[in-house]
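Just below is one structure, and these are the notes that go with it.
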Amino acid sequence: MDDLFRKLAFSSLPHQVPQSLYGKAEQSATFCENAILELNQRAALIERQIRFGSALLLPPKAFGRNGAVRVMLDRISSGSDPTKELRNFRQNYRDNASRQFVGRSNLGFKPGQASGLHGAPHDNENTSIALTRRYRLGCKYDGSFHWDVGPMDGSHLNGAYRFDTRDKGVVSPKGKYANVLVDDCLR
């Protein structure tokens, strides 16, 4: 299940059906009904936190920091309180003075300004990528949202930083910053 969840890049809110229920229609149905109720409650808590600039929308691979975003998303998808997880994440990775999250290689992750959003996310024939353009942990978000990612010192990327993207492989942007989507793709 972890492999599937990673392939879907945290777009879904998973719940595993125990193998012991396979072949047992009535018990499976009861389990699934209860799981749907539980998932709806968890999704409602998560949905309140998914908004412009939320750490829940950080791209896991691009952010780095020993998988900090992945760990936070794993914990929330497993039932941990999203408010508490976000508070802890901000304490560890947010630079309040610059209003950015500090990722790998001292790269700043700043929400793309509303006037700077570059339209709807581009289409992709890869279903796992298409799903991640609109959903995180089973909740819908604005697919035009992106992060402006660049060195915290204000210098340009100048091709010195590599981004392992889900759609184009390894890319080394040359501008002042890169527009990094929630799903670890570049715009």
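Quick one: which residue in ARG75, ARG90 is of a type outside the set (A, V, I, L, M), surrounded by 13 or more Cβ atoms within 10 Å (Cβ to Cβ), in contact with an Asp or Glu (Cβ under 6 Å, 6 or more places away or on another chain) and without any contact (Cβ under 8 Å) to a residue 40 or more places away in the chain?
Working: ARG90 fails: in contact with an Asp or Glu (Cβ under 6 Å, 6 or more places away or on another chain).
Step by step, each of ARG75, ARG90 is checked, and only ARG75 is of a type outside the set (A, V, I, L, M), surrounded by 13 or more Cβ atoms within 10 Å (Cβ to Cβ), in contact with an Asp or Glu (Cβ under 6 Å, 6 or more places away or on another chain) and without any contact (Cβ under 8 Å) to a residue 40 or more places away in the chain.
Can you pull out every residue in the stretch 10-26 that is part of a helix (DSSP H, G or I) and either of a type in the set (Val, Ile, Thr) or surrounded by 13 or more Cβ atoms within 10 Å (Cβ to Cβ) (or both)? Give the derivation first.
As a first pass, look at the stretch 10-26 and keep what is part of a helix (DSSP H, G or I): 19-21, 25-26.
Hit for the stretch 10-26 is LEU21, nothing else.
What number of residues within the stretch 51-83 are under 29 Å from VAL17 (Cα atoms), of a type outside the set (A, V, I, L, M) and under 12 Å from the mean Cα position of the chain (by Cα)?
Final tally of qualifying residues: 7.
Residues that are at positive phi, at least 1 per element: which strands (runs of 3 or more DSSP E) completely within the stretch 134-186 meet that? Break it down into steps so the answer makes sense when it comes.
Details: elements: 146-151, 163-165, 169-171, 178-181.
In the stretch 134-186, the matching strands (runs of 3 or more DSSP E) lie at 169-171.
Against the conditions (1) modelled with pLDDT of 95 or more; (2) in contact with a strand residue (DSSP E or B) (Cβ under 6 Å, 6 or more places away or on another chain), where does ALA55 fall short? Just the number, please.
With respect to (1) modelled with pLDDT of 95 or more; (2) in contact with a strand residue (DSSP E or B) (Cβ under 6 Å, 6 or more places away or on another chain), ALA55 is out only on (2).
I'd like the full set of residues that are touching a residue at least 40 places away in the same chain (Cβ under 8 Å) and on the phi < 0 side of the Ramachandran plot, limited to the stretch 7-41.
Residues of the stretch 7-41 touching a residue at least 40 places away in the same chain (Cβ under 8 Å): 7-14, 39.
Matches in the stretch 7-41: LYS7, LEU8, SER11, SER12, LEU13, PRO14, LEU39.
Just to verify a result, which residue in the stretch 29-52, among those that are surrounded by fewer than 15 Cβ atoms within 10 Å (Cβ to Cβ) and of a type outside the set (A, V, I, L, M, F, W, C), is nearest to ARG90 (Cα to Cα)?
For the stretch 29-52, the residue satisfying everything is ARG51.
The values are calculated or read from the model by the stated rules, or taken from the named source; none is laboratory data. Given the structure is predicted, the values throughout are model-derived calculations rather than measurements. Counting neighbours? That spans all protein chains shown, and the Cβs are built from the backbone with ideal geometry, glycine included.
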